[in-house]
Structure formats: C-alpha cells, structure tokens
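> I have a structure here, written as structure tokens, and I will follow up with some questions on it.
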Amino acid sequence: MAEQIVFQWTDPNSVRKAIKVQAPQEVAWQVFTEQIGSWWPLAVYKIGKATAVNAVIEPRVGGRWHEQGDDGSTCDWGRVLVWEPPSRLVLSWDINADFQYVPGLGTEIEVRFIAEDEGSTRVELEHRRLDRFGDRRDQMRTIFDKTGDWGKLLASFAQAAESLAGER
Amino acid sequence: MPSELSTRSETRRERRVFAKLRNRTRTAGELAQGMGVSRPAVSQQPSEVLRAAGLVVVTADGTRRLYRVDRRGIEAVRQWFDGFWDETLDAFKEAAESAARKKGRT
C-alpha cells in the first residue's frame, strides 16, 4: 500500500479544549456564567489587591466581566462580546502577562455549550488571539531568522492552503 | 529574506489560513498541486526542514505519517493557557455536575 502523508494545521495562537459534562445544557450555561465563584481558582487567579470572593459576567453584549473583592472593590477582566444563552458565549480576556487589566488587549474566549442528550452537554472552549500578548513577536522573529528555509516553506504552504480553502 | 517573512501581511495571511483550515488535514498530493511541485518533493522536503527546526510533530498512524505544524518556539503563553484551562475546566465540570445532581436532572 502506498504511504499516505497528511498535514494537519493547527492555530498557533489559540488553545482549544473540550469536555463532556453530566449536566443539562442550561445548567452548564448557568454554572459557567452565573456561578464563576464556585469553580474559578480565585485564590490564585485574580488581579485585585483584595481577596476575591466572586467573579461576575454581566449578562449582555458589552457587559463587564470582573472579580469582586471582599471589600466591595471590583477589577475588570474583560467584556462580553457574544451572549447567546444557552449555547454560545464569547468574552474578551484583557489581562496581560503581568496580570494587569489592559482595555482592548483583545484575547478572546469562546465557549460553546452543545446539548448531547437530556442529561449531558459537550462544552468546547477556545482561547484565541493569544498573539495579542505581544511578547511572542521577538520569539517568532528568532525562529524565522534561524531557519530561513522554514520561512519560505511556510509561505508556500500558506499559498497552497489558501487556494485549497478558496475552493471550499 | 527571513525578516521579510515576519511582516504583518504574512502573519495576517497565516492567521486566515490557519483559521480556515483549523485541524484539517491535507494529503501531500493536494499540497503538491497547490505548490506546483511533484509529490515526492513535497513529501520529502518539508519533513527535513521542519523537523530540523523542531517545528513538526510526527506521529505514525499505520502506514501514514501525520505532520502537525507546531511552532513551539513561540508557545510559552499558549502552553500556560493550555494548562490553566485544563485545570479550570475540570473545576467547572465538577461544579456543573454537582449543580445538576442537586436539581435531580442528570
């Protein structure tokens, strides 16, 4: 049998995850959007000075996504970009690598809640546009400079793939 | 030449291409057609260059070899989020399943 060689493309600027949750779709949506304090690691992943007791997503496009401190203070994490209960949510994550809030930083988290049957839901999460963190740029240049052939090859792949994608 | 390849227009095009072809595979024949080279040249050349650069992950799948373009040199942030979301989604799953059990609706 002739050997078949296939190439698989992945987006280097995103992380994609999928889990199956033994909960109905609307419960999964509700826990994710209304009960962040019950699962987000607030003790470690928060940016304010106060102890964080909850995180809140305001339920509308443009709504704030922010942590709440035990002293009543709040710190923004991002904004709601897409609000389509109970199936699709897109948030901006505007916290940079130094854990500071930067309005407009613009990494995005898309979460899809897919009902598989009455009691279970497939939850898919993509955290994308990670290149918006910016410090990757120098690392990228180093790689390309070290391997000039790789750069040309990538350009060729891109051209070929574009023409293939254009046919679909 | 290499510095030209990290221009904004190349990066933008790469992003569009990656977005369109996310997780799709291509055979060497299809790529060769697009690149205007013969199939053996396509199948031999990429693996050498990309593997030498540490930018390809190769897995065997029966008689097939699967090449995944993986720019590990620029992945520090991506890897961090990969681990973060693994842990955080596990915690979310537990919370959601616990809520469903309480509602008696699993």
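> State the number of residues belonging to region A:58-67 that are surrounded by 13 or more Cβ atoms within 10 Å (Cβ to Cβ) and farther than 14 Å from A:GLY48 by Cβ.
2
Table: residues versus (1) in contact with a helix residue (DSSP H, G or I) (Cβ under 8 Å, 6 or more places away or on another chain); (2) within 19 Å of B:ASP86 (Cα to Cα).
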residue: A:LEU81; (1), (2): no, no
residue: A:SER87; (1), (2): yes, no
residue: A:VAL102; (1), (2): no, no
residue: A:LEU105; (1), (2): yes, no
residue: A:VAL111; (1), (2): yes, yes
residue: A:VAL123; (1), (2): yes, yes
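> Filtering region A:68-95 down to residues that are in a loop (DSSP other than H, G, I, E, B) and surrounded by 17 or more Cβ atoms within 10 Å (Cβ to Cβ), which residue is modelled with the highest pLDDT?
Across region A:68-95, the extreme among qualifying residues is A:PRO86.
> Would you confirm whether any residue within region A:81-93 is touching a Cys at 6+ places or on another chain (Cβ under 6 Å) and under 23 Å from B:VAL77 (Cα atoms)?
No, there is no match, as no residue in region A:81-93 is touching a Cys at 6+ places or on another chain (Cβ under 6 Å) and under 23 Å from B:VAL77 (Cα atoms).
> Would a scan of region A:25-46 turn up a residue that is among the small types (Gly, Ala, Ser) and touching a residue at least 40 places away in the same chain (Cβ under 8 Å)?
Yes, region A:25-46 contains at least one residue that is among the small types (Gly, Ala, Ser) and touching a residue at least 40 places away in the same chain (Cβ under 8 Å).
The values are calculated or read from the model by the stated rules, or taken from the named source; none is laboratory data. Because the structure is predicted, anything quoted here is derived from the model rather than measured. Glycine also receives a Cβ, built like all others from the backbone with ideal geometry; neighbour counts cover every protein chain displayed.
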